[in-house]
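Trainee: Just dropping this structure here.
The values are calculated or read from the model by the stated rules, or taken from the named source; none is laboratory data. Because the structure is a prediction, the values reported are computed rather than measured. Methodologically, a virtual Cβ is constructed for each residue, glycine included, from the backbone with ideal geometry; neighbour enumeration extends over all protein chains shown. Ligands, DNA and RNA are excluded from the accessible area calculation, which covers all protein heavy atoms including side chains. Shrake-Rupley method; radii C 1.70, N 1.55, O 1.52, S 1.80 Å.
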Amino acid sequence: MRVDETSLRQNTEPAPLKAVAVRATRSVELSVVIPLHNEAANLDKLFARLLPVLERLNLTYEIICVDDGSTDASVARLLELRERIPALKLVSLSRNFGKDVALSAGFDYAQGAAVVPLDADLQDPPELIEQMVVKWREGFDVVYATRRRREGESMVKRATAKYFYRIFDRITDIPIPHDTGDFRLLDRRVVDVLVRLPERTRFMKGLFAWVGFRQTALVYDREPRNAGQTKWNYWLLWNFAIDAVTSFSSLPLKVWSYLGLVFSVFAFLYALFLASFKIFRGIDVPGYASLMVAVLFFGGVQLITLGIMGEYMARMYNEVKGRPLYLVRDAWGFEAKE
Ligand code: UDP
Ligand code: MG
């Protein structure tokens, strides 16, 4: 197995962040990064819609497909397409690493002065790239696409998404735009920052917002998936939410000392009450029920606390191990790098 140089970015020595003052002039102006996992059924339609858009833009472009451990014909199909689309490049990861990591891999390889991550299932309309480029040329560094409606998604999914954003807003300092996915245009200076972020738990939406810069929004209608199945289920979404919160907030760790304080004050007052009861009335009524409730309740609270600490510790362990974010099995179209 060939391990690519860029894939061995180590956690221990992040390159220094440097501000890029002027818009870099580069040979490739626009990179479209497409993370894909078993999307063979969507590829023809995807390129049929994407290529005319890119041609109309009248700028130099590249399309970087990141195969995230596909087990279907995606890679074979892309290699066929490469024969007639010279701008198509392909990075194949050694296994399935998840969309956020696949996207990071794509950013590492992207050369463009602007980078647009795009889903392979046509849920992100490629036509919107034209408007993004217009805004970019006006001087915006991030042009994100906010969806007006969510087609083909259940009520439960919409409701959980809504509450997730609300809670996230409450407990973190960075405002992430609601109903906004990864589909956006990023200027090179933003991409340069993102590829230097060493963290392993990559909640991309949060990172996109964290970088700041001049951001603006476009509104679009999100279509249902073209073909195939979404890889998300509620368990994955729940874990995604935990990743999101733990990577941008330490409130869940801190809240327990305050709760503990409140409980201690109550416990103290209750102790005073029990003592005076004993002194003035002479008898104390054994209260099995209250005892049981208190024991179970505090046992529960302590387990939750431990669990939350565990969540953070597991993530710290993950970061400390410093394993490469992803491994590249093969890459096509990056002659200069090989
Ligand atoms: N994807 C990926 N790796 C994964 C899961 C998904 O690269 O482990 C890609 C997938 O092929 C698609 C994009 O990420 O291009 C969005 O995935 P999906 O449509 O399943 O997510 P949703 O649109 O439901 O959020
Ligand atoms: Mg999708």
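Trainee: Kindly indicate whether any position in region 112-119 is away from ligand 1 (no atom under 14 Å from the Cβ) and not aliphatic (A, V, I, L, M). Working first, answer last.
Mentor: Let us first name the residues in region 112-119 that are away from ligand 1 (no atom under 14 Å from the Cβ), namely 112-115.
Those still in the list that are not aliphatic (A, V, I, L, M) too: 112.
Checked region 112-119: at least one residue is away from ligand 1 (no atom under 14 Å from the Cβ) and not aliphatic (A, V, I, L, M).
Trainee: Taking the criterion of being in a helix (DSSP H, G or I), within 30 Å of Val75 (Cβ to Cβ) and not acidic (Asp, Glu), would at least one residue in region 316-328 satisfy it?
Mentor: The initial filter retains those residues of region 316-328 that are in a helix (DSSP H, G or I), namely 316-321.
Restricting the remaining residues to those that are within 30 Å of Val75 (Cβ to Cβ) gives 318, 321.
Keeping just the survivors that are not acidic (Asp, Glu) gives 318, 321.
Yes, because at least one residue in region 316-328 is in a helix (DSSP H, G or I), within 30 Å of Val75 (Cβ to Cβ) and not acidic (Asp, Glu).
Trainee: Confirm whether Asp72 is within 21 Å of Trp232 (Cα to Cα) and open to solvent by 40 Å² or more (accessible area, probe 1.4 Å).
Mentor: Numbers: within 21 Å of Trp232 (Cα to Cα): yes; open to solvent by 40 Å² or more (accessible area, probe 1.4 Å): yes.
When the stated conditions are applied, Asp72 passes them.
Trainee: Can you confirm whether Asp173 is modelled with pLDDT under 90, within 25 Å of Ala48 (Cβ to Cβ), outside any helix (DSSP H, G or I) and not polar (S, T, N, Q)?
Mentor: Working: modelled with pLDDT under 90: yes; within 25 Å of Ala48 (Cβ to Cβ): no; outside any helix (DSSP H, G or I): yes; not polar (S, T, N, Q): yes.
The answer is no for Asp173.
Trainee: Among the candidates Leu54, Leu50, Leu59, which residue alone is within 16 Å of ligand 1 (Cβ to nearest atom), open to solvent by less than 60 Å² (accessible area, probe 1.4 Å) and in contact (Cβ under 8 Å) with a residue 60 or more places away in the chain?
Mentor: Values: Leu54 fails: within 16 Å of ligand 1 (Cβ to nearest atom); Leu59 fails: within 16 Å of ligand 1 (Cβ to nearest atom).
Sole residue among the options that is within 16 Å of ligand 1 (Cβ to nearest atom), open to solvent by less than 60 Å² (accessible area, probe 1.4 Å) and in contact (Cβ under 8 Å) with a residue 60 or more places away in the chain: Leu50.
Trainee: I would also like to ask the following. Say whether the condition of being open to solvent by 40 Å² or more (accessible area, probe 1.4 Å), out of contact with any Ser or Thr (no Cβ under 8 Å at 6 or more places or on another chain), away from ligand 1 (no atom under 16 Å from the Cβ) and farther than 16 Å from Trp232 by Cβ is met by at least one residue in region 122-130. Quick ask: steps written out before the conclusion?
Mentor: Step one: filter region 122-130 for residues open to solvent by 40 Å² or more (accessible area, probe 1.4 Å), giving 127, 130.
Add one more test, that the residue is out of contact with any Ser or Thr (no Cβ under 8 Å at 6 or more places or on another chain), and what stays is 127, 130.
From what is left, the residues that are away from ligand 1 (no atom under 16 Å from the Cβ) are 127, 130.
Those left that are additionally farther than 16 Å from Trp232 by Cβ: 127, 130.
Yes, the conditions are met somewhere in region 122-130.
Trainee: Follow-up. Does Leu81 qualify as being closer than 18 Å to Ala105 by Cα and within 16 Å of ligand 1 (Cβ to nearest atom)?
Mentor: no
Trainee: Can I ask one more? How many of the residues in region 131-155 are in a loop (DSSP other than H, G, I, E, B) and within 11 Å of ligand 1 (Cβ to nearest atom)?
Mentor: Filtering region 131-155 down to residues in a loop (DSSP other than H, G, I, E, B) leaves 139-141, 151-154.
In the following step, the residues that additionally are within 11 Å of ligand 1 (Cβ to nearest atom) were identified as 152-153.
The total comes to 2.
So that you can scan it fast, the table gives a plain yes or no per residue for (1) part of a helix (DSSP H, G or I); (2) under 20 Å from Val328 (Cβ atoms); (3) modelled with pLDDT under 90:
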site	(1), (2), (3)
Val3	no, yes, yes
Ala19	no, no, yes
Ala24	no, no, yes
Val28	no, yes, yes
Val32	no, yes, no
Leu46	yes, no, no
Val53	yes, no, no
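Trainee: Further, regarding this structure: Would you confirm, using the coordinates I've provided, whether Ala271 is within 16 Å of ligand 1 (Cβ to nearest atom) and out of contact with any Leu (no Cβ under 7 Å at 6 or more places or on another chain)?
Mentor: Details: within 16 Å of ligand 1 (Cβ to nearest atom): no; out of contact with any Leu (no Cβ under 7 Å at 6 or more places or on another chain): yes.
Spelling it out, it is not the case that Ala271 is within 16 Å of ligand 1 (Cβ to nearest atom) and out of contact with any Leu (no Cβ under 7 Å at 6 or more places or on another chain).
Trainee: Which helices (runs of 4 or more DSSP H) sit wholly inside region 184-301 and have at least 3 residues that are more than 30 Å from Ser70 (Cα to Cα) and among the small types (Gly, Ala, Ser)?
Mentor: Working: elements: 188-196, 204-210, 234-248, 251-281.
Hits in region 184-301: 251-281.
Trainee: Does Leu79 qualify as being of a type in the set (A, V, I, L, M), within 16 Å of ligand 2 (Cβ to nearest atom), open to solvent by 10 Å² or more (accessible area, probe 1.4 Å) and touching a Phe, Trp or Tyr at 6+ places or on another chain (Cβ under 9 Å)?
Mentor: Numbers: of a type in the set (A, V, I, L, M): yes; within 16 Å of ligand 2 (Cβ to nearest atom): no; open to solvent by 10 Å² or more (accessible area, probe 1.4 Å): yes; touching a Phe, Trp or Tyr at 6+ places or on another chain (Cβ under 9 Å): yes.
No; evaluated as a whole, the condition is false for this residue.
Trainee: Can you tell me which residue in region 35-47 is nearest to Glu130 (Cα to Cα), limited to those that are touching a Gly at 6+ places or on another chain (Cβ under 8 Å) and open to solvent by 10 Å² or more (accessible area, probe 1.4 Å)? Outline the logic, then answer.
Mentor: Applying the first criterion (touching a Gly at 6+ places or on another chain (Cβ under 8 Å)) to region 35-47 yields 35, 37-39, 41-42.
The next check asks that each one be open to solvent by 10 Å² or more (accessible area, probe 1.4 Å); those that pass are 35, 37-39, 41.
On the way: Pro35: 20, His37: 26, Asn38: 27, Glu39: 24, Ala41: 25 Å.
Applying the filter and picking the extreme gives Pro35.
Trainee: Also, quick follow-up: Looking at region 275-291, which of the residues that are within 54 Å of the chain's Cα centre (by Cα), at pLDDT below 80 and not hydroxyl-bearing (Ser, Thr, Tyr) is surrounded by the most Cβ atoms within 10 Å (Cβ to Cβ)?
Mentor: Filtering region 275-291 for residues that are within 54 Å of the chain's Cα centre (by Cα), at pLDDT below 80 and not hydroxyl-bearing (Ser, Thr, Tyr), the one surrounded by the most Cβ atoms within 10 Å (Cβ to Cβ) comes out as Gly287.
Rundown of residues vs (1) farther than 23 Å from Asn58 by Cβ; (2) open to solvent by 10 Å² or more (accessible area, probe 1.4 Å); (3) within 16 Å of ligand 2 (Cβ to nearest atom), yes/no style:
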| site | (1), (2), (3) |
| --- | --- |
| Ile85 | no, no, no |
| Ser104 | yes, no, no |
| Glu138 | no, yes, no |
| Val142 | no, no, no |
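Trainee: Continuing with the same structure: Among the residues of region 217-258, which ones are of a type in the set (A, V, I, L, M, F, W, C) and within 16 Å of ligand 2 (Cβ to nearest atom)?
Mentor: Filtering region 217-258 down to residues of a type in the set (A, V, I, L, M, F, W, C) leaves 217-219, 227, 232, 235-238, 240-242, 244-245, 248, 251, 253, 255-256.
Correct list: Ala227, Trp232, Leu236, Leu237, Phe240.
Trainee: Does Lys99 satisfy the criteria of being of a type in the set (Lys, Arg) and within 16 Å of the chain's Cα centre (by Cα)?
Mentor: Working: of a type in the set (Lys, Arg): yes; within 16 Å of the chain's Cα centre (by Cα): yes.
For Lys99, the condition - of a type in the set (Lys, Arg) and within 16 Å of the chain's Cα centre (by Cα) - is met.
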